[in-house]
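The values are calculated or read from the model by the stated rules, or taken from the named source; none is laboratory data. Just so it is clear, the structure is predicted and the values come from calculations on it, not from any experiment. In this analysis, Cβ positions are derived from the backbone assuming ideal geometry, glycine residues included, and neighbour counts consider all displayed protein chains. Surface accessibility is based on the protein's heavy atoms, side chains included, excluding ligands, DNA and RNA. Shrake-Rupley method; radii C 1.70, N 1.55, O 1.52, S 1.80 Å.
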Amino acid sequence: MEQGYQVRELQPGLWAIEDGHVRMFLLEGSEKALLLDTGFGTGDLFSLISSLTKKPLMLVLSHSDRDHVGGCAQFEGDVFLHPAEFERFLENAPKNRLSLKPLWEGDTIELGGWSLKVLHLPGHTPGSIMLLDEKRGVLFSGDSVQSGPIYMFGPGRNLDALAASMERLERIAGAIQAVFPCHGRMPVDSSLFLEIRQGALEIKAGRLEGREPAKKLPCREYEYCHVKFYAP
């Protein structure tokens, strides 16, 4: 446990940082480093990151839910995210000193040894992105690909969009060796793309029976194969 966080080095230049039930990733290349998401901001995240890398840091958000932007107030400079998330970010991280910079579908982030392609895959939120290193076969999936529960209730969530995003990922699944999500077990297999798509369509069609979730939430809990959802 460091600074209130659990840090795990997955391989040289790649760390998973746990903040309660949410996970961030720090990637370090030969030229610069990238922090994907900032969790709840439970502890001194800035000092922790500074202890792990001395490279110039790029701050990127997979999306702007509260458990991904809570530590943003500890940083200065630019934060990169899809423009469809700008309004959500300002609602969920009101006290920040960051300048919002756009990331678009197809943008590439070069760290030196890491080459990360931006994939815009809406559904969980309108501007959800993933980062894919095609050479390494590694996908950082945010909340959209995980064992669940995937939150699909409330403003901005869209089961049809999620299903379409998973269908797109299925087409490149053969090139993806490991998927690193921000929640649940890690890594997960690309076989979840199909399960998430089918589960989302089953919920949308009313063919999947939900149950009351353990948490007191305005939704139902659905289970399909190895995936769970919280949805209306």
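Residue 79 passes every criterion in (1) open to solvent by less than 10 Å² (accessible area, probe 1.4 Å); (2) farther than 21 Å from residue 178 by Cβ; (3) touching a residue at least 40 places away in the same chain (Cβ under 8 Å); (4) part of a strand (DSSP E or B) apart from (3). One residue stands out among those in the range 20-41 that are open to solvent by 10 Å² or more (accessible area, probe 1.4 Å) and outside any loop (DSSP other than H, G, I, E, B): the one that is farthest from residue 94 (Cα to Cα), which is 28.
Could you pull out the residue among 17, 49 that is open to solvent by less than 20 Å² (accessible area, probe 1.4 Å), at pLDDT 95 or above and either in a loop (DSSP other than H, G, I, E, B) or under 19 Å from residue 138 (Cβ atoms) (or both)?
Details: 49 fails: either in a loop (DSSP other than H, G, I, E, B) or under 19 Å from residue 138 (Cβ atoms) (or both).
Exactly one residue qualifies, and that residue is 17.
The residues listed here are 176, 196, 172; of these, the one that is out of contact with any Gly (no Cβ under 7 Å at 6 or more places or on another chain), closer than 30 Å to residue 110 by Cβ, at pLDDT 95 or above and open to solvent by less than 20 Å² (accessible area, probe 1.4 Å) is 196.
Scanning the range 82-106 for residues that are within 17 Å of residue 34 (Cβ to Cβ) and assigned to a loop (DSSP other than H, G, I, E, B) gives 82, 103, 104. For the range 200-223, the tally of residues that are part of a loop (DSSP other than H, G, I, E, B), touching a residue at least 40 places away in the same chain (Cβ under 8 Å) and of a type in the set (A, V, I, L, M) stands at 1.
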